[in-house]
Amino acid sequence: MEFKVSELEREPVDFDLELAPGAIDFGQEAEQAGPLAASGLAEVIHEHRGPRDIVADIRLRGTFAGNFQVPCARCVEPVKIPLQAEFDLIFRPAAADSEPTERSITAPETEIGYYLKDSLLLEDVLREQVLLSLPVRTLCKPDCKGLCPRCGENRNSQTCSCDVGPSDPRWQALSGLRGRIES
């Protein structure tokens, strides 16, 4: 769904839609499992920077909810994650803040996104909000054993026949240290 500034200046747009799996590409970070529901309001806010300098910002408020699958951090098996969140975002035209000189930005300016060509795609906003809502690290279970570093077998489902193998020769000098300390 595309929000055009020219249409939003006439009247705000309410949205309430369900996106099927595959409608948004979340990359390798997540896979959508079931519909993604999104609803909210898009409107234009005019920012007056001077007598003749008015910037048309798009304010997007809404919610989303859906089920996702993310890979386990240890064994890479899919883990189901239900997500539900609210968002209240402001997007400014990309050219509005382009200045020839460098300057530091203020804390409120870090919360502003940018749009190109006088429109904003809801799908892009939802992709960003879903990815930001995902947990940093997900485990299939707290005691996940992960993958064998030699053969790649999932240690949760079966034990592999890989032997432990020789230790790193660089640690050889420290091998008898514990016995010498305890004596």
Worksheet item: Looking at segment 144-183, which of its residues are free of Cβ contacts under 8 Å to residues at least 12 places away in the same chain and either assigned by TED's automatic domain parsing to the domain that holds Gln32 or of a type in the set (A, V, I, L, M, F, W, C) (or both)?
Response: Cys151, Val164, Trp171, Ala173, Leu174, Leu177, Ile181
Worksheet entry | Subset of segment 42-54 that is surrounded by fewer than 15 Cβ atoms within 10 Å (Cβ to Cβ) and either outside the structural domain of Arg92 (by TED's automatic domain parsing) or not charged (D, E, K, R) (or both) - its residue that is farthest from the chain's Cα centre (by Cα) | Pro51
Discussion item. So, restricting to strands (runs of 3 or more DSSP E) that lie completely within segment 1-120, which ones have at least 3 residues that are at pLDDT 85 or above and either in contact with a Cys (Cβ under 9 Å, 6 or more places away or on another chain) or among the acidic types (Asp, Glu) (or both)?
Written reply: 13-19, 78-93
Fill in: Test: residue in segment 121-134 that is more than 23 Å from the chain's Cα centre (by Cα) and either under 23 Å from Gly40 (Cβ atoms) or modelled with pLDDT of 85 or more (or both)
no
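The values are calculated or read from the model by the stated rules, or taken from the named source; none is laboratory data. These numbers come from a predicted model, not from an experiment. As a convention, Cβ positions derive from the backbone with ideal geometry for all residues, glycine included, and neighbour counts pool all protein chains shown.
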